[in-house]
Amino acid sequence: MIARILSGLIGVLMLLNCLWWILDPSNAAEELAMPLIEGLGSNSQIGDFTAFFFTAGLFACIGAYRAEHNAIIIDWSNDSPQFIDLIN
């Protein structure tokens, strides 16, 4: 139960950080100790960080809600990763 609460809390914080990147990207970049890139690079920086925090927050919240403890084993030995097994 504690793991679900912590996962949900982390997910909510990540989603808030995503919202922060959407509403005030210059302040969000400053809080991460990085400059906000000027010009065309700012679109990529804002979009990439927004997408990262949204995806991380969404999946943390989904994991906390569903509470399924599955691990996926993937073979990375060749150039293309291949699914091997799902451990329950």
- From the option list A64, A51, single residue qualifying as within 19 Å of the chain's Cα centre (by Cα) and either outside any helix (DSSP H, G or I) or modelled with pLDDT under 90 (or both) is A64
- Message: Out of L36, L19, I need the residue that is assigned to a loop (DSSP other than H, G, I, E, B) and either surrounded by 15 or more Cβ atoms within 10 Å (Cβ to Cβ) or modelled with pLDDT of 85 or more (or both). Which one?
- Response: L36
- Query: Does D79 satisfy the condition of being loosely packed, with under 10 Cβ neighbours inside 10 Å and at pLDDT below 90?
  - Reply: yes
- Message: Pairs please, first residue from region 1-27 and on the phi < 0 side of the Ramachandran plot, second anywhere and polar (S, T, N, Q), Cβ atoms under 7 Å, 6+ apart in sequence or on different chains.
- Response: C18/T50; W21/T50; I22/T50
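Just to be sure before I move on: is L6 assigned to a helix (DSSP H, G or I), surrounded by fewer than 14 Cβ atoms within 10 Å (Cβ to Cβ) and under 13 Å from the mean Cα position of the chain (by Cα) in the structure I sent?
Numbers: assigned to a helix (DSSP H, G or I): yes; surrounded by fewer than 14 Cβ atoms within 10 Å (Cβ to Cβ): yes; under 13 Å from the mean Cα position of the chain (by Cα): no.
Considered against the rule, which asks whether it is assigned to a helix (DSSP H, G or I), surrounded by fewer than 14 Cβ atoms within 10 Å (Cβ to Cβ) and under 13 Å from the mean Cα position of the chain (by Cα), L6 comes out as no.
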- Given (1) at pLDDT below 90; (2) touching a Pro at 6+ places or on another chain (Cβ under 9 Å); (3) among the aliphatic types (A, V, I, L, M), A29 misses just (1)
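The values are calculated or read from the model by the stated rules, or taken from the named source; none is laboratory data. For clarity, every value in this text was computed on a predicted model and none was experimentally measured. Backbone-built Cβ (ideal geometry, glycine too); neighbour counts: all protein chains shown.
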